[in-house]
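Student: The structure that follows is given in the form of structure tokens.
The values are calculated or read from the model by the stated rules, or taken from the named source; none is laboratory data. Since this is a predicted model, take the numbers as computed values, not measurements. We place every Cβ from the backbone using ideal geometry, glycine too, and count neighbours over all the protein chains shown.
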Amino acid sequence: MPELPENESQRLTLEDACLNRTIEKAELGNDTGYIELPGSNELGRLKGRQFTETRRHGKNVFAGSQSGPWIAVHLGMTGWLVPFDAPDDPPDYTKFLITFEGDRRLAFRCPRKLGHVRMIDDPDGYIAAENLGPDALDISEDAFREAIGSGRGAIKSALMSQSKMAGIGNLWSDEILFEVGLHPEAKGSDLSDDKIGEMFEAMRAKLNKGVEVKADYTKLPSDWLIPNREEGGDCPRCEGTIMRTKVSGRSAFHCDTHQT
Ligand SMILES: [Zn+2]
């Protein structure tokens, strides 16, 4: 599932391909019954407008202008924003399509359920209404301590809680815990101040690297967990074995030796 690095990469894609172009029309694709998309009145609001800025908060990507409206995109499991130029056809599974003046188009491609495109008036109001915590790359160390260090549940679940902190999901929570040697079921409230500080630094370093490689995981260092995420595999950091367990219903990967 796309997490912060994929969403930041998608924001940059919008920034590069879709700003300052007048929108001729916005329409829905085929087979859109099961996915949340704007209604026809809302689609009409985009006509004649331009996107002049983009934003990202956690796993939400926004494009809009000072006077609105904005699109708020959540990729879900399989969603992806695809700019292309006519006369090329939209990709398969296009659920939402914007036609800009000239040849440029923007498709939201989404083969499976989940994911959505919403029309909103302002991202700050939307972020508050969705009860999202601070973005994982914006959160201060103090706020991180408060959000993660107070948790009595599994630390992996706390890292993934979008209301505590937005942007981290299954893959990157495992990666951070692997780096600092914590078991996914360790409890935040049991951690020392030093350990939480170490986690904060690891989170920033890991996510920044994910953003730097534009979420192309073949470009991550070979001693990270992501390239070694295989049950029964050798840990690239120690003599341990990579284990797969369930934490709050989600698959968690960790090393049985250096993560305690
Ligand atoms: Zn290990």
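Student: Identify, please: which residue in region 5-25 is in contact with a Phe, Trp or Tyr (Cβ under 9 Å, 6 or more places away or on another chain) and not in a helix (DSSP H, G or I) and is, among those, nearest to TYR217 (Cα to Cα)?
Tutor: Applying the filter and picking the extreme gives CYS18.
Student: Just wondering, is there one or more residues in region 227-234 that are within 16 Å of the ligand (Cβ to nearest atom) and closer than 21 Å to PHE144 by Cβ?
Tutor: No, because not a single residue in region 227-234 is within 16 Å of the ligand (Cβ to nearest atom) and closer than 21 Å to PHE144 by Cβ.
Student: Let me ask something additional. Under 7 Å between Cβ atoms, at least 6 apart or on separate chains: pull out the pairs that start in region 211-229 with a residue that is assigned by TED's automatic domain parsing to the domain that holds GLU179 and crowded, with 17+ Cβ neighbours inside 10 Å and end on any residue that is among the basic types (Lys, Arg) and in a helix (DSSP H, G or I).
Tutor: LEU220/LYS209
Student: How many residues are among the aliphatic types (A, V, I, L, M) and within 16 Å of the ligand (Cβ to nearest atom) if we restrict to region 172-211?
Tutor: Residues meeting the conditions: 6.
Student: Would a scan of region 38-49 turn up a residue that is touching a helix residue (DSSP H, G or I) at 6+ places or on another chain (Cβ under 8 Å), small (Gly, Ala, Ser) and either surrounded by 14 or more Cβ atoms within 10 Å (Cβ to Cβ) or outside any loop (DSSP other than H, G, I, E, B) (or both)?
Tutor: no
Student: How many of the residues making up region 144-184 are of a type in the set (D, E, K, R) and over 20 Å from GLU8 (Cα atoms)?
Tutor: 5
Student: Here's something else I'd like to know. Considering only residues that are within 10 Å of the ligand (Cβ to nearest atom) and at pLDDT below 95, which ones fall in region 235-253?
Tutor: Matches in region 235-253: none.
Student: Which of the residues spanning region 109-125 are free of Cβ contacts under 8 Å to residues at least 40 places away in the same chain and assigned to a strand (DSSP E or B)?
Tutor: The one that is free of Cβ contacts under 8 Å to residues at least 40 places away in the same chain and assigned to a strand (DSSP E or B): ARG109.
Student: How many residues does region 249-260 contain that are surrounded by 14 or more Cβ atoms within 10 Å (Cβ to Cβ), assigned to a loop (DSSP other than H, G, I, E, B) and in contact (Cβ under 8 Å) with a residue 40 or more places away in the chain?
Tutor: Residues that pass the stated criteria total 2.
Student: When the residues of region 121-146 are filtered to those that are among the aliphatic types (A, V, I, L, M) and under 19 Å from the mean Cα position of the chain (by Cα), which remaining residue is farthest from LYS206 (Cα to Cα)?
Tutor: Applying the filter and picking the extreme gives ALA129.
Student: Can I ask one more? Kindly establish whether ASP256 is in contact with a strand residue (DSSP E or B) (Cβ under 6 Å, 6 or more places away or on another chain), within 16 Å of the ligand (Cβ to nearest atom) and closer than 19 Å to GLY153 by Cβ.
Tutor: Taking the combined requirement at face value, the residue does not satisfy it.
Student: Answer with yes or no whether LEU97 is more than 30 Å from VAL247 (Cα to Cα), assigned to a strand (DSSP E or B) and in contact with a Cys (Cβ under 7 Å, 6 or more places away or on another chain).
Tutor: no
Student: Which of the residues that make up region 212-226 are within 25 Å of ASP135 (Cβ to Cβ), within 16 Å of the ligand (Cβ to nearest atom) and not in a helix (DSSP H, G or I)?
Tutor: Scanning region 212-226 gives PRO221, TRP224, LEU225.
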